[in-house]
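Chemist: What follows is a single structure, and I will ask about it in a moment.
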Amino acid sequence: MDPLKQLFYEKAQALGAEVKALLKEKGTAKIDEVSLKQLYGGARGVKMMVWETSSLDPHEGIRFRGYSIPQLRELLPKGSGGEPLPEGLFWLMLVGEIPSQEQVDWLSAQWRARSEVPAYTLQMIDMLPTDTHPMVQFVTAIASMANQSVFAQRYDEGLAKTSYWDPFYEDAMNLIARLPHIAAYIYRRSFHGGKHIPSDASLDWAANFAHMLGNDDPVFYDLMRLYTTIHSDHEGGNASAHTTHVVASTLSNPYLAYAGGMAALAGPLHGLANQEVIKWIFHMLETLDTQTPTKEQIAEYVHETLAKGQVIPGYGHAVLRRPDPRFLAQKHFAETHLKDDPLVQVVWKVFEVVPPILQGLGKVANPWPNVDAHSGALLVHYGITECSFYTVLFGVSRALGVMAAQCWARALGLPIERPKSVTSQWVFEQFG
Ligand code: HAX
């Protein structure tokens, strides 16, 4: 058994035994109540799922196994430019321990060894019209690999429930290893005439992804390391994670589960917001006919957007009640590497203008920027100008957390997810 799998197995056995004992003793203890507002309001705040890899505090932001993003930037093994290696975060999320450089190097090599995408998947991508939205190509490509699922094959042969976690881990590792290659393939065929760039075996997972996209600037390598670290997980309730969790709970194979999650990420209220932000900014600059709008001009444009009944993309959050630490991490990166970039400066000005306006509406629970408010400007600076691709980048990263969490779901033997629904008639009978 490989060293990461062995460590995961030991940790999972130990926690599994503790959970079993707790459920036996206190299984009927109440942890939450549900209000009518939550019933009709997207189940905000309802505690109904176990997710081991990260936890989101409304005021502090995301913590991965208890570590904040600034702590991860300090403690995880780093790439050449000083940003954390996403390999280290995956290790941390899976087994709860900060890995050594040697362990991270082992994981980079593992993913390299597992990275070959089936030829038929690439051919299938090539069958789609080149103007197919990159997220549609991404979802289709992921689903197409389902017939290579080790989990599905072993299940078919007759797999004991206590062993579900094992082939799930194999699929998770293979999927994560392949995603940058699939994403780069989609990018190069959609926007660079199908001129693909071979992988570089000397590079870590994120740097190789940057390389295959077509930019070998070491600072861009570092941006991709940071980007894929901070987008990796946001506890279990967000739509892409939750969808993956529900689909995987049916024992549908990990590729299909992740394709389902990516379909959820493709919505504009979720991951597609990174595309929408940059489109909104470019439209604003075009409408105002300037690259350096004043705060007053931005405010006027924000009011126009709201008057049309639209949301300001990149602002607001279902859980967070402060500026997203993932936004701040990207801002910090920009301050270090590209503070004079005009588009970055527009993003910062929007950050000054939007929150008080949203606050003034009196209904927006969180007027602050989320992760998607900053990423586009960074990507444009490094030549990734095609904003319809941005959610694919997010999707490559999100696999790290979601797949690690699903390894835990199988190891803990979590059952098929099946909450209770009620009709409005029932509601009125009870409360009308
Ligand atoms: N602009 C304008 N209005 C907003 C708003 C925004 N950015 N954010 C919330 N509101 C409005 C809601 O539309 C809602 O209005 P109605 O009562 O008229 O329907 C009201 O404020 C209350 O909503 P909320 O409780 O503050 O927010 P929700 O939990 O319902 O929704 C969203 C959270 C993220 C979906 C929401 O803030 C939004 O639509 N933001 C813009 C899109 C966006 O940036 N999405 C990405 C979020 C992060 C993420 O998942 N990334 O992948």
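Chemist: Could you list, in sequence order, all residues of region 167-182 that are among the acidic types (Asp, Glu) and surrounded by fewer than 24 Cβ atoms within 10 Å (Cβ to Cβ)?
Modeler: Glu170
Chemist: Determine, yes or no, whether Val350 is in contact with a Leu (Cβ under 6 Å, 6 or more places away or on another chain) and either more than 12 Å from the ligand (Cβ to nearest atom) or of a type outside the set (Ser, Thr, Tyr) (or both).
Modeler: Judged against the criteria, Val350 is not a match.
Residues are listed down the side, and each one gets a yes or a no for (1) without any contact (Cβ under 8 Å) to a residue 12 or more places away in the chain; (2) surrounded by 15 or more Cβ atoms within 10 Å (Cβ to Cβ); (3) within 16 Å of the ligand (Cβ to nearest atom):
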{"site": "Glu18", "(1), (2), (3)": "yes, no, no"}
{"site": "Leu22", "(1), (2), (3)": "yes, no, no"}
{"site": "Val34", "(1), (2), (3)": "no, no, no"}
{"site": "Tyr40", "(1), (2), (3)": "yes, no, yes"}
{"site": "Thr53", "(1), (2), (3)": "no, yes, no"}
{"site": "Arg65", "(1), (2), (3)": "no, yes, no"}
{"site": "Pro77", "(1), (2), (3)": "no, yes, no"}
{"site": "Gly81", "(1), (2), (3)": "no, yes, no"}
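Chemist: Before we move on, is Ala399 in contact with a strand residue (DSSP E or B) (Cβ under 8 Å, 6 or more places away or on another chain) and either crowded, with 24+ Cβ neighbours inside 10 Å or touching a residue at least 12 places away in the same chain (Cβ under 8 Å) (or both)?
Modeler: No, not satisfied.
Chemist: Of the residues that sit in region 199-236 and are within 27 Å of Leu56 (Cβ to Cβ) and among the polar types (S, T, N, Q), which one is surrounded by the fewest Cβ atoms within 10 Å (Cβ to Cβ)?
Modeler: Ser232
Chemist: Tell me, please, whether a residue that is buried (at least 17 other Cβ atoms within 10 Å of the Cβ) and within 27 Å of Ser149 (Cβ to Cβ) can be found in region 189-198.
Modeler: yes
Chemist: Then there's this: Quick one: in region 289-303, which of the residues that are surrounded by 12 or more Cβ atoms within 10 Å (Cβ to Cβ) and in a loop (DSSP other than H, G, I, E, B) is nearest to the ligand (Cβ to nearest atom)?
Modeler: The selected residue is Pro293.
Chemist: Restricting attention to region 404-426, which residues are under 16 Å from Thr243 (Cα atoms) and part of a loop (DSSP other than H, G, I, E, B)?
Modeler: Leu414, Pro415, Ile416, Glu417, Arg418, Pro419
Residues checked against (1) under 20 Å from Glu300 (Cβ atoms); (2) more than 10 Å from the ligand (Cβ to nearest atom):
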{"residue": "Asp341", "(1), (2)": "no, yes"}
{"residue": "Gln345", "(1), (2)": "yes, yes"}
{"residue": "Leu358", "(1), (2)": "yes, no"}
{"residue": "Lys363", "(1), (2)": "no, no"}
{"residue": "Val380", "(1), (2)": "no, yes"}
{"residue": "Cys387", "(1), (2)": "no, yes"}
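Chemist: Anything in region 147-156 that is assigned to a helix (DSSP H, G or I), touching an Asp or Glu at 6+ places or on another chain (Cβ under 7 Å) and over 20 Å from Gly16 (Cβ atoms)? List them, or say none.
Modeler: If the condition is that a residue be assigned to a helix (DSSP H, G or I), touching an Asp or Glu at 6+ places or on another chain (Cβ under 7 Å) and over 20 Å from Gly16 (Cβ atoms), then Val150 is the only one that fits.
Chemist: Hey, another quick one. Which residues, taken from region 304-318, are near the ligand (Cβ under 6 Å from one of its atoms) and of a type in the set (Gly, Ala, Ser)?
Modeler: Gly314, Gly316, Ala318 - these are the residues of region 304-318 that are near the ligand (Cβ under 6 Å from one of its atoms) and of a type in the set (Gly, Ala, Ser).
Chemist: Do you know which of the residues in region 322-338 that are surrounded by 14 or more Cβ atoms within 10 Å (Cβ to Cβ) and among the charged types (D, E, K, R) is farthest from the ligand (Cβ to nearest atom)?
Modeler: That would be Lys331.
Chemist: Answer yes or no: is there a residue in region 222-236 that is within 14 Å of the ligand (Cβ to nearest atom), of a type in the set (S, T, N, Q) and within 28 Å of Pro342 (Cβ to Cβ).
Modeler: Restricting attention to region 222-236, the residues satisfying the condition of being within 14 Å of the ligand (Cβ to nearest atom) are 227, 230-236.
When the remaining residues are screened for being of a type in the set (S, T, N, Q), the result is 232.
After this cut, where a residue has to be within 28 Å of Pro342 (Cβ to Cβ) as well, the list is none.
No - not one qualifying residue is present in region 222-236.
Chemist: Just checking, does region 253-275 include any residue being touching a strand residue (DSSP E or B) at 6+ places or on another chain (Cβ under 8 Å), closer than 30 Å to Leu72 by Cα and not charged (D, E, K, R)? Spell out how you get there, then give the answer.
Modeler: Step one: list which residues in region 253-275 are touching a strand residue (DSSP E or B) at 6+ places or on another chain (Cβ under 8 Å), which gives none.
The answer is no, given that none of the residues of region 253-275 is touching a strand residue (DSSP E or B) at 6+ places or on another chain (Cβ under 8 Å), closer than 30 Å to Leu72 by Cα and not charged (D, E, K, R).
Chemist: Just for region 122-144: of the residues that are crowded, with 21+ Cβ neighbours inside 10 Å and of a type outside the set (A, V, I, L, M, F, W, C), which one is nearest to Ala411 (Cα to Cα)?
Modeler: If we take residues in region 122-144 being crowded, with 21+ Cβ neighbours inside 10 Å and of a type outside the set (A, V, I, L, M, F, W, C), then Gln137 is nearest to Ala411 (Cα to Cα).
Chemist: Related question: Before we move on, is Gly271 crowded, with 19+ Cβ neighbours inside 10 Å, assigned to a loop (DSSP other than H, G, I, E, B) and either out of contact with any helix residue (DSSP H, G or I) (no Cβ under 8 Å at 6 or more places or on another chain) or of a type outside the set (Lys, Arg) (or both)? Step through it out loud before you land on a result.
Modeler: Details: crowded, with 19+ Cβ neighbours inside 10 Å: yes; assigned to a loop (DSSP other than H, G, I, E, B): yes; either out of contact with any helix residue (DSSP H, G or I) (no Cβ under 8 Å at 6 or more places or on another chain) or of a type outside the set (Lys, Arg) (or both): yes.
For Gly271, the condition - crowded, with 19+ Cβ neighbours inside 10 Å, assigned to a loop (DSSP other than H, G, I, E, B) and either out of contact with any helix residue (DSSP H, G or I) (no Cβ under 8 Å at 6 or more places or on another chain) or of a type outside the set (Lys, Arg) (or both) - is met.
Any read-out appearing in this document is the output of simple, stated calculations on the displayed coordinates, not a laboratory observation. Remember, predicted model here, so these are calculated numbers, not experimental data. We place every Cβ from the backbone using ideal geometry, glycine too, and count neighbours over all the protein chains shown.
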